[in-house]
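Okay, so here's the structure we're looking at.
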Amino acid sequence: MDEIPAIDMAAPLAVRLRPVTLQELLGQQHLLQPGSPLMRLIQGEEKHITSILLYGPPGSGKTTLAKMIAHSDSRVFVELSAVSSGVAQVREMLTQAEERLLKENRETVLFIDEVHRFSKAQQDALLPGVENRWVTLVAATTENPSFSIISPLLSRSIVLTLRAIPNAEIQMLITRAISNPQGLNNEVTISPEARDSLVLLAAGDARRALTYLEAAAGAADGEITTEALGRAVDRVIAKYDRGGDNHYDVASAFIKSIRGSDVDAALHYLARMLESGEDPRFIARRVMISASEDIGLADPGALGLAVAAAQAVAMVGMPEARIILSEAVTYLACAPKSNAAYLAIESALADLRSSKGGAVPPHLRDGNSGALRDNRESAAREKNSYIYPHDLAAGVAGQQYLPDDLVGTEYYHPTTHGYEARVKTALEAIRKMLRGKA
């Protein structure tokens, strides 16, 4: 293994505390199981992986893992910028890597951060080096490789998905950074409130946590307080605890503002959650629930938009996810409202829990079931034979669908709001036909 260079104490805190051993790595234990491709490569056991794509959010350890791979088994680490390196630089680097392999028998690990910024021509230029194993390519991206990486390179790669660092491990990182001699060396302390706020601001990004911590330490007078942290990062630390009562208060106010059609209040609480580091996927889930519970068929497009927003949030991530959520929240808050679908299923469930709802009417049962093959059912089947609605001009058959003890029950009561007004008119006519009164 190459000798790890001495730490430059003038370097940023995030650089000084970059993990150099697997034991120091946070949050990615799912990739480090014994025998996994990444473990074999880091330990120098894997000789045949030609390309690795590290896909994950910022600050999750992509560069750190690349350097661990490079420092194992005497590999040479070369880094290219996806912003400033052109095709000529890529080809020159591959030529040097080929010569190094032939003359020195030393492998080259080529690390490209934000590889999705490489053009198609630049990615094409990498293919000979990857194909001939002149380099072990370790490329990092925050965007889905399926959309940002060309197919030939993707097909020669193993995609490893990194996760945002859990809050508990971000707390461990902060504690380690304050006490580590290569970190802040116990020159400052941090209040519990400031530590919790820093964890929220980090939002799973270890580099951001250390950057903010270093800035706050420079602005603190012995102790990092919430006020000092807010001044250092130029952001107001909103009162919001993702694990406590305030979390539920703000989330509740958010949903109730959408339900109440107050778009400005809804956007305020959305901003409050985002600014405090709430997981945007949690917010997106609440938006989907609101579309069904509070809007329903008053605007059937609301749920589709909410689902699309949730998918986009998962694909894009922060900070752009804030725009997607803003669009969805604005739409839902301004949409007509109806909780009729919600009340309908609650009422149906209440009947079941009260032991209502007997046997399925014979003419609705599965024709292949044992019950219908029983001769004792034959008389009932003949009397109550199933009518196929598509055979009728109106497409609605006047026959019994509910169990006997629930005949005449109505669970769904549409409002006159938005699209649901049309549903209400149509349903009144349908129910008359079902009861043979049309």
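The values are calculated or read from the model by the stated rules, or taken from the named source; none is laboratory data. This one's a predicted model, so the numbers in the text were calculated from it and none came from an experiment. Cβ placement follows ideal geometry from the backbone for every residue including glycine, while neighbour counts extend to all protein chains displayed.
Please determine whether any residue of region 135-142 is farther than 18 Å from Y55 by Cβ and in contact with a Leu (Cβ under 8 Å, 6 or more places away or on another chain). Lay out the reasoning, then the answer.
Residues of region 135-142 farther than 18 Å from Y55 by Cβ: 135.
Imposing the further condition that a residue be in contact with a Leu (Cβ under 8 Å, 6 or more places away or on another chain) reduces the set to 135.
Looking through region 135-142, at least one residue is farther than 18 Å from Y55 by Cβ and in contact with a Leu (Cβ under 8 Å, 6 or more places away or on another chain).
Under the condition of being assigned to a helix (DSSP H, G or I) and among the aliphatic types (A, V, I, L, M), which residue from region 92-114 is farthest from L54 (Cα to Cα)?
First pass over region 92-114, keeping only residues assigned to a helix (DSSP H, G or I): 92-104.
Next, from what is left, pick out any that are among the aliphatic types (A, V, I, L, M): 93-94, 97, 101-102.
On the way: M93: 21, L94: 21, A97: 21, L101: 24, L102: 28 Å.
So, considering only residues that are assigned to a helix (DSSP H, G or I) and among the aliphatic types (A, V, I, L, M), the one farthest from L54 (Cα to Cα) is L102.
Among the residues of region 409-436, how many are part of a loop (DSSP other than H, G, I, E, B) and either free of Cβ contacts under 8 Å to residues at least 12 places away in the same chain or more than 24 Å from V360 (Cα to Cα) (or both)?
Start the filter on region 409-436 by keeping residues that are part of a loop (DSSP other than H, G, I, E, B), which leaves 409-419, 435-436.
If we keep only those that are either free of Cβ contacts under 8 Å to residues at least 12 places away in the same chain or more than 24 Å from V360 (Cα to Cα) (or both) too, we end up with 414-419.
Matching residues across region 409-436 total 6.
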All positions within region 311-320 that are surrounded by fewer than 22 Cβ atoms within 10 Å (Cβ to Cβ) and assigned to a helix (DSSP H, G or I): Q311, A312, A314, M315, V316
Residue pairs meeting the criteria (Cβ under 9 Å; at least 6 apart or on separate chains; first in contact (Cβ under 8 Å) with a residue 40 or more places away in the chain and under 25 Å from P414 (Cβ atoms), in region 294-316; second of a type in the set (S, T, Y) and in a helix (DSSP H, G or I)): D294/Y342; G296/Y342; D299/Y331
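Tell me whether region 148-160 contains one or more residues that are within 26 Å of R16 (Cα to Cα) and either surrounded by fewer than 16 Cβ atoms within 10 Å (Cβ to Cβ) or without any contact (Cβ under 8 Å) to a residue 60 or more places away in the chain (or both). Reasoning before the result, please.
First pass over region 148-160, keeping only residues within 26 Å of R16 (Cα to Cα): 160.
Now narrow it down to the ones that are either surrounded by fewer than 16 Cβ atoms within 10 Å (Cβ to Cβ) or without any contact (Cβ under 8 Å) to a residue 60 or more places away in the chain (or both): none.
No: zero hits.
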Every residue from region 183-202 that is surrounded by 13 or more Cβ atoms within 10 Å (Cβ to Cβ) and part of a loop (DSSP other than H, G, I, E, B): G183, L184, V188, S191
Residue selected from region 400-438 under the condition on the phi > 0 side of the Ramachandran plot and more than 43 Å from the chain's Cα centre (by Cα), by the criterion surrounded by the most Cβ atoms within 10 Å (Cβ to Cβ): G436
Matching residues, region 66-91, being at pLDDT 85 or above and assigned to a helix (DSSP H, G or I): V87, A88, Q89, V90, R91
Scan of region 90-115 for residues that are surrounded by fewer than 19 Cβ atoms within 10 Å (Cβ to Cβ) and either of a type in the set (D, E) or closer than 18 Å to T161 by Cβ (or both), ordered by number: E92, E98, E99, E104, E114
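Checking the condition touching a residue at least 24 places away in the same chain (Cβ under 8 Å) and in the same structural domain as A271 (by TED's automatic domain parsing), which residue from A348, A291, A359 passes? Lay out the reasoning, then the answer.
Values: A348 fails: in the same structural domain as A271 (by TED's automatic domain parsing); A359 fails: in the same structural domain as A271 (by TED's automatic domain parsing).
Just a single option satisfies the conditions, and that option is A291.
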